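For reference, the structure is listed below as structure tokens.
A short reminder: the numbers here are calculations on the coordinates, not readings from a lab. The shown structure was predicted, so the numbers you read here are calculated from the model rather than taken from an experiment. As a convention, Cβ positions derive from the backbone with ideal geometry for all residues, glycine included, and neighbour counts pool all protein chains shown.
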Amino acid sequence: MVREIFKNIMSLLAKWAIKKHQMSIIVVSGWYGTEITREFVYTVLKTKYAVRRNLKNPWWDLSFPLAILGYADYQRNWIEWLGLIIKAVVRLILGGRHKHYIVLNINYSNLETIKYWSRFIKPGYLIITGYKKNYGFIDTLIANTIINKGKILYNQKNKILLKETFKNYQKTYSFGAEKNDMSLHIEQNSVSTIYSCLGDTITVRKNILPSINNEIIASSLLMGKIKKIDLTEGLYAIIKYGLPKRLITQIKANLKV
């Protein structure tokens, strides 16, 4: 009972912060690559916009209220939680407005947690790195995005699976290497990779980002292009920024498996 009251307070504070700061929520979801994609999307958008992101994978229901309010994601004792709530309220009442984007990656959730997050997470943009039918939380995110009249970016490989979920929704953008018409097309030969999007084309060395899936790069570049960031500018930002050391270690570990 006490925990539910506390969760309600945190969701109300998150809603308050979103409304006050006019946050545009970008959610990266799927069964792979959400953390890396989150970092790339954040990096691309940072070249032109004020943007934040969650700094580690969500691991409990309070991960996103804390991220939205701008606090570190860890457990606290009841005195620390009370202090956090008081500080958050004071900041929301007295602090200035700061319009910005926030990038959140959701790569898991049980039904109760996704219901809780749905109280305040209404995506303006949803990026689906990869879709599987048994990942019900993605369907919930799609429904919330459609209700919010947001834009959905998805992997072209999953078009048939997503067709029933999208129905006649028009604000969708696809990326991939298939032959069908799509928003961002990837073409690869023995020496280079070509990204083509909305009249903009860039050619890069095939191994410019070793071990990173081209579709992850493509989804991030497409998000940037939708926000009027050229492919060259977006890709340069990704390469210049690189990856956090923890992710590099994780990729190396995966390569050894």
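Things to note:
- The chain: antiparallel DSSP beta bridges as a percent of all, rounded to 5: 30
- GNM flexibility winner over the chain from N168, N158, N105 (Cα, springs under 10 Å): N168
- Residues of type lysines that K159 reaches as a straight line, Cα spacing below 20 Å, ignoring anything fewer than 8 places off in the same chain: K132, K133, K149, K151, K167, K171, K179
- For the stretch 95-110, 3J(HN,Hα) computed residue by residue from phi via the Karplus equation (6.51, -1.76, 1.60; θ = phi - 60°) reads x, x, 7, 9, 5, 6, 9, 9, 9, 10, 10, 10, 10, 6, 3, 7 Hz, glycine and proline entered as x.
- A straight chain from K206 to Y241 at 0.36 nm per residue would run longer than the Cα-Cα distance by 10.7 nm.
- Listed by chain and number, the aspartates and glutamates placed with their C-alpha closer than 17 angstrom to that of K163 are D139, E178, D181; residues fewer than eight positions away on the same chain are left out.
- Among K151, K122, K19: highest mean-square fluctuation, GNM of the chain, C-alpha pairs under 10 Å: K19
- The 3J(HN,Hα) values that the Karplus relation (6.51, -1.76, 1.60; θ = phi - 60°) gives for the stretch 42-59 are, in residue order, 4, 5, 5, 5, 4, 5, 9, 10, 7, 8, 10, 7, 5, 8, 8, 4, x, 10 Hz. Gly and Pro appear as x.
- Options (i) -0.50, -0.60, -1.36; (ii) -0.52, -0.64, -1.58; (iii) -0.41, -0.51, -1.36 - which one matches log10 I(q)/I(0) by the Debye sum over Cα atoms at q = 0.09, 0.10, 0.17 Å⁻¹ as calculated here: (iii)
- Contact order, relative form, for the chain: 22 percent (alpha carbon pairs under 8 Å, 6 or more residues apart, mean separation divided by residue count).
- Using 0.36 nm per residue and subtracting the Cα-Cα separation, the extra length available between I86 and N134 on full extension is 13.3 nm.
- Largest GNM mean-square fluctuation among W31, W117, W81, using the chain with Cα springs under 10 Å: W81.
- Taking amide H as placed 1.01 Å from N in the peptide plane, Y173 has its amide H under 5 Å from the amide H of I152, L153, Y154, each at least 5 places away in sequence or on another chain.
- Difference of contour (0.36 nm per residue) and Cα-Cα distance, I9 to N168: 53.6 nm
- Violating pairs (Cα-Cα greater than 20 angstrom) within the set K19/K56; K46/K115; K20/K122: K19/K56; K46/K115
- Taking the number of Cβ atoms within 10 Å of each Cβ as an exposure proxy, the fewest-first ranking of I102, I202, I79 is I79, I202, I102.
- Within a straight-line Cα-Cα reach of under 17 Å, K15 can be paired with the following aspartates and glutamates, leaving aside sequence neighbours fewer than 8 residues apart in one chain: E4, D61.
- Considering only T47, L221, N105, and ranking their Cα positions along the charge dipole of the chain that arises from unit charges at the beta-carbon of Lys, Arg, Asp and Glu, the one farthest toward the positive end is T47.
- Efficiency of FRET from Cβ geometry, I147 and E187, R₀ 35 Å, rounded to 0.05: 0.50
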